[in-house]
Every structure is written in C-alpha cells, then in structure tokens.
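The values are calculated or read from the model by the stated rules, or taken from the named source; none is laboratory data. Computed from a prediction, not measured in an experiment: that's the story for all the values here. Backbone-built Cβ (ideal geometry, glycine too); neighbour counts: all protein chains shown. Just the protein is used for accessible areas: all its heavy atoms, side chains included, with ligands, DNA and RNA removed. Shrake-Rupley method; radii C 1.70, N 1.55, O 1.52, S 1.80 Å.
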Amino acid sequence: MSTRPVVAVVGATGAVGREMLDTLARRHFPAAEVRAFASARSAGSLVPFGNTELTVEELTENSFAGIDLALFSAGGSTSEKFAPHAVAAGCVVVDNSSAWRMDPQVPLVVPEVNPDDLAWHKGIIANPNCSTIQMVVVLKPLHDVARIKRVVVSTYQAVSGTGQKAIAELERQVRELFNGQEPTVAVYPHRIAFNCLPHIDVFLENEYTKEEMKMVLETKKIMGDDSIRVTATTVRVPVFYGHSESVNIETEKKLSAKEARAILSQAPGVRVLDNPGEKIYPMPILAAGQDDTLVGRIREDETIPCGLNMFIVADNIRKGAALNAVQIAEELLRRDLLRVPR
Ligand code: A2P
C-alpha cells in the first residue's frame, strides 16, 4: 500500500454510506482514491463526494482488488458474504453491521474508549451499535474514575437508524396524516408518525430485543469489563436524526454531579450541555449534523448512595455510525495498522 490508501464505501447509496463519503471528504481523509459500491440496483447512479460525484459500482466478490480499506454499511448479510472476500484480497474492513461485533477475533472499537484493541485486528474491525457508541463515550471517563457497577438505559432512537426507507416512511406518514389519509405502514410493524415503538430489531428468547442485548453485550466488550451490569429498553421515536438516552449509573465510588460534569467537560468527543436554569440540555435537534456526543441533565440519583442520572444525545448517523468508522480508519493509519496481518 502507498501511504495513501484506496478506500471503498460499501452501501454508498444508503443513509450511513452517504454520510461515510461526506465524512471522508469533510475530514480530508488522505485517500489516494475513493470508490462507491452498492447493489446492482444502484450501479451507474451518482453519489456526492465532497465537491464532486462518484459513480456507484455494483459490489461483487471481485470488487476488492487494489482496495486497501473498505467501510461497510450495507447490512449484516452483505457483510457476512463480502467482508471475507475483502480480507482475502488484502483489504481491511471496518464494518458497521452487527455481523462480526461479538466475534472474539474481531475488535469492537470506539476510538475515544478502546483504540488499543485495534492492535489485534485480523482484517475486520467492527463499528459498534449506534446507541452503544454514544453511551460508552460518556461512560468510559466516569468508569475510569469511579468504576461503574450497573447501567440502566432507556433510548429514544431516530428513524434514520433503520436507513433511508424509514426516513421516507416517517415523511410519508406525516404527509398522509395531515391530508386525512390512512398512513401507509411498511417498514415498522406499526405507525411511527406521532407514536413510539418499544421494539427495535427482533425479540429474543429472553423477551429483550436484539437492540437491547447489543447495548448490554457491546458495552462490556468495548469497556473491557464483563462485570458491568447493563439493562436496556430501546424505543423508536418519530425523530429523523439523533438518538437520545436516559442513562442511570451506579458507581463504586461516589461522584457528585459537579465532579461528573468536570470529568466529562475534559472527555474527548463529549460536550456538556447542562444548564437547566437557562433551558440548556441535549436534544436531537442540537446533535443532528454535529460530531460531538452531548450530555446533560446530570444529577445525583437520590435513591442510592452512589448513582447518577444523565441524558445523552448524539447524531446516530455521524458518531453512531459514519464518523466512528472513519475515526477507526484514521486511527489505523496513525498506528500503521492498515494492513491485513499475514
Ligand atoms: P442499494 O441502494 O443499491 O440497495 P440503508 O441502510 O439506508 O437502507 O442503505 C443500505 C445500503 O446497502 C444501500 O447502499 C444498499 O444499496 C446497500 N446494499 C443492500 N444490499 C446490498 C448488496 N447485496 N450488495 C451491495 N450493497 C447492498
């Protein structure tokens, strides 16, 4: 590989893929060339890249010759099928799907939290679930000081997390309802406009959803601490961009709200927005289109000796997906790890 890698975005026509292209351009990622891949349906169409456009190519098993780095966001089955071909061709994969996240051979990385895990990658690095990323960016600096024993999280997740078709569905349902029409329900099991669905991804045998268990399991893997107990309720809400989370933590060491604010104001990738008297707190409309994870409403949990409540919001397409993937790629370059180990 020359010092400037050839980069592929797989799923380039999707909500996250488009943001990946925008993030590569915006952050001046030092690519020799960027190529856009999607399914045969989109081959030949154009996607924006900086001030120019890229022609979308159909993804095939032979697409990865000459490509050094592929950012995948085309769903789990596409990753499962194509990532091994990429690695076999010597291409490092940063994968945004859940396909490889809990594989013990695959590091699951948030660069602000566990960048050292990149050192043992074998060709694939997994990008965590969007709700998990924004939570651990905030929890890790608190864990380092006070050791978190238990986390109770409830989420309010935007439709963009489901992809372009869900963004279109919320738009269409709002229009239909304002025109007195029956809303068309296609993507979610129920209407999402002016509604909340306590159901993200599939239900599992333990009665939690897969999204909830992603938050439980991924948090332990990224934080490198199996002893942290996490319980989650994940809810889809009629917001286009920006996931919100109400997070309660119980710590071993007492942290005052003031101490937590001081720690978080120094934390990379985090912005404290916490002045309730001035009606300043995190909201999706403030996080959308921003890189930072916002945290506010920090207050002591008065029901236990060592506990805090907080509200965490981030752009799920940026820090929750595309930005985190590009930051992983930047860190691989910085650490000279952008190669498939032999
Ligand atoms: P396409 O637009 O050709 O269907 P979103 O998450 O916003 O729905 O986007 C999903 C992305 O994954 C799109 O870019 C989509 O391309 C791409 N994709 C889906 N299936 C495949 C596949 N089999 N091969 C390559 N790309 C795929």
Residue count, region 102-117 (criterion: out of contact with any helix residue (DSSP H, G or I) (no Cβ under 6 Å at 6 or more places or on another chain) and open to solvent by less than 20 Å² (accessible area, probe 1.4 Å)): 1
Candidates ILE280, ILE249, ILE263 - the one that is more than 16 Å from LYS140 (Cα to Cα) and either in contact with a Phe, Trp or Tyr (Cβ under 9 Å, 6 or more places away or on another chain) or assigned by TED's automatic domain parsing to the domain that holds MET215 (or both): ILE280
Any pair with Cβ under 7 angstrom, 6 or more apart, that starts in region 323-334 at a residue that is open to solvent by less than 10 Å² (accessible area, probe 1.4 Å) and ends at one that is of a type in the set (S, T, N, Q) and not in a helix (DSSP H, G or I): ASN324/ASN127; ALA325/ASN96; ALA325/ASN127; ILE328/ASN127
Residue in region 85-93 that is over 18 Å from LYS214 (Cα atoms), within 16 Å of the ligand (Cβ to nearest atom), touching a helix residue (DSSP H, G or I) at 6+ places or on another chain (Cβ under 7 Å) and not assigned by TED's automatic domain parsing to the domain that holds PRO284 present: yes
Output for region 55-92, where each listed residue is without any contact (Cβ under 8 Å) to a residue 60 or more places away in the chain, open to solvent by 30 Å² or more (accessible area, probe 1.4 Å) and not in a helix (DSSP H, G or I): THR55, GLU57, GLU58, THR60, GLU61, ASN62, ALA65, ALA89
Restricting region 175-195 to residues that are surrounded by 13 or more Cβ atoms within 10 Å (Cβ to Cβ) and among the hydrophobic types (A, V, I, L, M, F, W, C), the residue that is farthest from the chain's Cα centre (by Cα): LEU177
Yes/no for ALA126 being within 16 Å of the ligand (Cβ to nearest atom), surrounded by 13 or more Cβ atoms within 10 Å (Cβ to Cβ) and not aromatic (Phe, Trp, Tyr): no
Selection status of LYS149, more than 12 Å from the chain's Cα centre (by Cα), in a strand (DSSP E or B) and either among the small types (Gly, Ala, Ser) or not assigned by TED's automatic domain parsing to the domain that holds GLY76 (or both): yes
Restricting region 3-56 to residues that are at pLDDT 95 or above and among the hydroxyl-bearing types (Ser, Thr, Tyr), the residue that is nearest to GLN327 (Cα to Cα): THR23
Region 184-197 residues that are more than 17 Å from TYR156 (Cβ to Cβ), paired with ones that are open to solvent by 80 Å² or more (accessible area, probe 1.4 Å) and not β-branched (Val, Ile, Thr) (beta carbon under 8 Å, 6 or more apart): VAL185/ARG191; ALA186/LYS165; VAL187/LYS165
Restricting region 30-54 to residues that are within 10 Å of the ligand (Cβ to nearest atom) and surrounded by 13 or more Cβ atoms within 10 Å (Cβ to Cβ), the residue that is farthest from VAL340 (Cα to Cα): SER45
Total residues in region 137-155, condition buried (at least 20 other Cβ atoms within 10 Å of the Cβ) and either in contact with a Ser or Thr (Cβ under 6 Å, 6 or more places away or on another chain) or closer than 16 Å to PHE311 by Cβ (or both): 9
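Here is a yes/no grid of residues against (1) surrounded by fewer than 16 Cβ atoms within 10 Å (Cβ to Cβ); (2) of a type in the set (A, V, I, L, M, F, W, C):
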residue: GLU205; (1), (2): yes, no
residue: LYS210; (1), (2): yes, no
residue: GLY224; (1), (2): yes, no
residue: ARG229; (1), (2): yes, no
residue: VAL247; (1), (2): no, yes
residue: GLU252; (1), (2): yes, no
residue: VAL270; (1), (2): no, yes
residue: ASP292; (1), (2): no, no
